[in-house]
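The values are calculated or read from the model by the stated rules, or taken from the named source; none is laboratory data. Every value quoted in this text rests on a predicted model; they were computed, and no experiment measured them. Ideal geometry is used to build each Cβ from the backbone, glycine not excepted, and the neighbour counts take in all protein chains shown.
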Amino acid sequence: MSRTSLYSVHPGVVMVQKWLEELPAKTGRSLDEWLHFIESKGPKDASARRDWLKTEHGIGTNSAMWLAERSVGKGLADGDPKLYLKAAESYVENMFAGKKAGLRPIYDAALKLAFSLDKDVKACPCTTMVPLYRRHVFAQLKPATLKRLDFGFALGDTKAEGRLISTGGFEKKDRITHRIPLESVEDLDKEVKRWLKTAYDRDK
């Protein structure tokens, strides 16, 4: 399987791209025009700018947040696939830096296992976890402690058994509903593979 990058563009980036395209029609200003307006007329910090955009200019919550972040130089990778993929690499490096470096071989092996399911598996790193997508998030990898990586699965109301632990996600309507803790590469056993395949198959 050939990949120009180990990672894929997060679906959220596509959503932000769509928002950027629709911004002039929906608000009467392009992104650059909003940024100039915010800088010249708005408050100084991002939080105040977000609230100001919502209350004074009727901008929706997500748009106000994105505009406020952009106005202070943040969130630039959120709407640019190339910048996101570059940032994704640093997210993972930072996730396993320092005292968590010992978890990196477990992460690499778990990611390789996920990619072995089929070519439609995508890994889209965030700052604290790496969600795995088919059509939706079906699993995620997250360093939970200095010595433990959690392999999370979207298994709905499946009853937890064996090493599988309920996260309470089903009751909270989260995608990730179960997890198996990993403390070594050897923990990626048949049980982990079975639940990973089950989660993958559920996301058809």
Open item on the list: Anything in region 28-66 that is closer than 19 Å to Lys18 by Cα and of a type outside the set (S, T, N, Q)? List them, or say none.
Closed with: Gly28, Arg29, Leu31, Asp32, Glu33, Trp34, Leu35, Ile59, Gly60, Ala64, Met65, Trp66
- [ ] Mind telling me which of the residues Gly75, Gly28 ends up being loosely packed, with under 13 Cβ neighbours inside 10 Å, at positive phi and not assigned by TED's automatic domain parsing to the domain that holds Cys126?
- [x] Gly28
TODO: Return the pairs, sorted by first residue and then second, in which the second residue is of a type in the set (Lys, Arg) and part of a helix (DSSP H, G or I), the first residue lies in region 51-74 and is without any contact (Cβ under 8 Å) to a residue 40 or more places away in the chain and over 15 Å from Ser30 (Cα atoms), the beta carbons are less than 7 Å apart, and the residues are 6+ apart or on different chains.
DONE: Thr61/Lys54; Met65/Arg50
TODO: Sort through Leu85, Leu103 and tell me the only one that's surrounded by 17 or more Cβ atoms within 10 Å (Cβ to Cβ) and modelled with pLDDT of 95 or more.
DONE: Leu103
Open item on the list: Against the conditions (1) under 30 Å from Ser40 (Cα atoms); (2) touching a Cys at 6+ places or on another chain (Cβ under 8 Å), where does Ser63 fall short? Just the number, please.
Closed with: (2)
- [ ] Kindly provide the set of residues from region 1-43 that are of a type in the set (A, V, I, L, M) and within 26 Å of Thr127 (Cβ to Cβ), ordered by number.
- [x] Leu6, Val9, Val13, Val14, Met15, Val16, Leu20, Leu23, Leu31, Leu35, Ile38
Open item on the list: Residue under question is Val9, and the condition is that it be without any contact (Cβ under 8 Å) to a residue 12 or more places away in the chain and either among the hydrophobic types (A, V, I, L, M, F, W, C) or in a helix (DSSP H, G or I) (or both); does it hold?
Closed with: no
Task: Lone unmet requirement of (1) at pLDDT below 95; (2) under 18 Å from Ser116 (Cβ atoms) for Lys190 - done: (1)
Open item on the list: All but one of (1) surrounded by 15 or more Cβ atoms within 10 Å (Cβ to Cβ); (2) in the same structural domain as Leu188 (by TED's automatic domain parsing); (3) β-branched (Val, Ile, Thr) hold for Val92; state the number of the condition that does not hold.
Closed with: (2)
Open item on the list: Exactly one condition in (1) of a type outside the set (Val, Ile, Thr); (2) touching a helix residue (DSSP H, G or I) at 6+ places or on another chain (Cβ under 6 Å); (3) part of a helix (DSSP H, G or I) is false for Asp51; which is it?
Closed with: (2)
TODO: Look through region 77-113, keep the residues that are within 24 Å of Glu186 (Cβ to Cβ) and of a type in the set (Gly, Ala, Ser), and return whichever of them is nearest to the chain's Cα centre (by Cα).
DONE: Ala110
